[in-house]
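Here's the structure, in structure tokens; my notes come after.
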Amino acid sequence: APATMREIAFVHALGDWLSGRPTRAVARIEVALSLNPRDALAMKMIQAIHFLMGRPEAMRASVEGVLDAWTDHPARGYLLGCHAFALEETGEYARAERTGRQGVELAPDDAWGLHAVAHVFDMTGRARAGLEWLTGREASWAHCNNFRFHVWWHRALMHLDLGEYDRALALYDADIRAEKTDDYRDISNGASLLARLELDGVNVGDRWEELADLSEHRATDGCLAFADLHYMLALCGGERDSAATAMIARMRRTNAAGGEAERIIAHPGLRVAQGLQAFAAGEYATAWKHLRDGRDDLPRIGGSHAQRDVFDRIAIEAALRGGYTDAAGTLLRDRMDRRGGAADGYATARLSLIEAVQAHAD
């Protein structure tokens, strides 16, 4: 039988994706979804592409465009999970939590919806409530592919926020890096957690080594800025100076006029990578300037607010160590504003430090 219009749309969308044209790819699938608003695969693929390209508003608009068509859909719970995540990423935390809880009631095995609510707890500084939400629901993500490592990562972040470092490290060893995969998402879970722990003064032992080994082999990929920046975290953590320098050189050669992903690697990817390298070298003023220059455009690398927060933390730390105390305070307050005004454990500790520095200066 000849291919259907839907099949043709997906095949061409795949070609566009592989050719570095995600916007054209998602547009083709949007057409398929408009012809059948109940197409679950089309809905989820659109969410995934917009997520990878840092477009939360587009994620939300797409899922809200089909809500009415899913009132009796057997997978409505999964749709609500996608909606909850999009709401959280666009700053509607209370509505995101309500929607996510409704979705989990309809689809208890939906790890995406479950993790959307975990994101709300992260963004609103409610780590203890987040742990209560995840505890006892492990079966909801145990059946997943490597996404299960990411849900464990969220749980470790909650322990980190509460200062329970041993528990965070135990989760790292037993669950987050239980399988030493080189999938960039798995590397990002590990690298960002270790970086956060070190910023809090925790000795992570030799855990950087395996991440650095994997990242050194993947550092030539040049597919996504999000992946590159987490490889850089691992290379810096593992003190692979030559590999980090080579990666910076590769990012410099990236064609800023090329495909969409290449343009994002060229900026803000390169700036942030340079900042990470300078921070690892103890060149805090230089690190701060690079990280500051890339910060406004950082959402373009994709991922979530929670995932990108590690770069915010390093920028704040660079400002503090570089003597830019007022700038660090401004970044902290901006970070809190984007989190609904909530002060998590990290913000509380750094604000206290800034107040102490300013009092000493006075």
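The values are calculated or read from the model by the stated rules, or taken from the named source; none is laboratory data. What you see is a predicted model; the values in this text were computed from it and never measured. Please note: Cβ atoms are built from the backbone with ideal geometry, for glycine as well, and neighbour counts cover all protein chains shown. With ligands, DNA and RNA removed, areas are computed over all heavy atoms of the protein, side chains included. Shrake-Rupley method; radii C 1.70, N 1.55, O 1.52, S 1.80 Å.
A few notes on this one:
- Electrostatic dipole magnitude of the chain [Cβ: Lys, Arg +1; Asp, Glu -1; Cα centre; debye, to 20]: 760
- Rounded to the nearest 500, the 222 nm mean residue ellipticity of the chain from helices alone is -21500 deg cm²/dmol, with -39,500 (n - 2.57) taken per DSSP H run of at least 4 residues.
- Residue-count net charge about Glu262 - beta-carbon cut-off 14 Å; Lys, Arg +1, Asp, Glu -1: +3
- Hydrodynamic radius by Kirkwood, which averages 1/r over all alpha carbon pairs of the chain, in angstrom: 21.2
- When the Cα gyration tensor is reduced to axis lengths a ≥ b ≥ c, the ratio a/c is 1.5 or higher for segment 70-137, and with a/b not above b/c it is classed as oblate.
- Per residue, the chain exposes 43 Å² of accessible surface when a 1.4 Å probe is rolled over the protein heavy atoms with every protein chain present.
- Charge context of Arg313, other residues only, Cβ under 15 angstrom, K/R +1, D/E -1: +1
- Förster radius 25 Å - calculated FRET efficiency between Asn145 and Leu106, Cβ distance, rounded to 0.05: 0.70
- Carbon + sulfur, % of accessible area of segment 1-51 - ligands and nucleic acids excluded, 1.4 Å: 69
- Burial order of peptide ranges 113-122, 316-325, 172-181 (average beta-carbon count within 10 Å, highest first): 113-122, 316-325, 172-181
- Sequentially through segment 37-53, phi angles give Karplus couplings (6.51, -1.76, 1.60; θ = phi - 60°) of x, 9, 6, 5, 5, 4, 4, 5, 5, 5, 4, 5, 5, 4, 4, 5, 9 Hz, Gly and Pro residues having no value and appearing as x.
- Radius 12 Å from Cβ of Ala227, net charge of other residues (Lys, Arg +1; Asp, Glu -1): -3
- Residue-wise HN-Hα coupling along segment 89-104, computed from phi with Karplus coefficients 6.51, -1.76, 1.60 (Hz; x: Gly, Pro): 5, 9, x, 9, 5, 5, 5, 4, 5, 4, 5, x, 5, 4, x, 5
- Atom-type composition of the exposed protein surface of segment 53-183 places 49 percent of the accessible area on carbon and sulfur (1.4 angstrom probe).
- Peptide packing: for 197-206, 70-79, the average count of neighbouring Cβ atoms within 10 Å per residue gives the ranking 70-79, 197-206, highest mean first.
- Fraction of accessible area attributable to carbon and sulfur, segment 196-271 (%, probe 1.4 Å): 47
- In Hz, Karplus ³J(HN,Hα) per residue of segment 27-35 (6.51, -1.76, 1.60; θ = phi - 60°; x = Gly, Pro): 5, 5, 6, 4, 4, 4, 5, 5, 6
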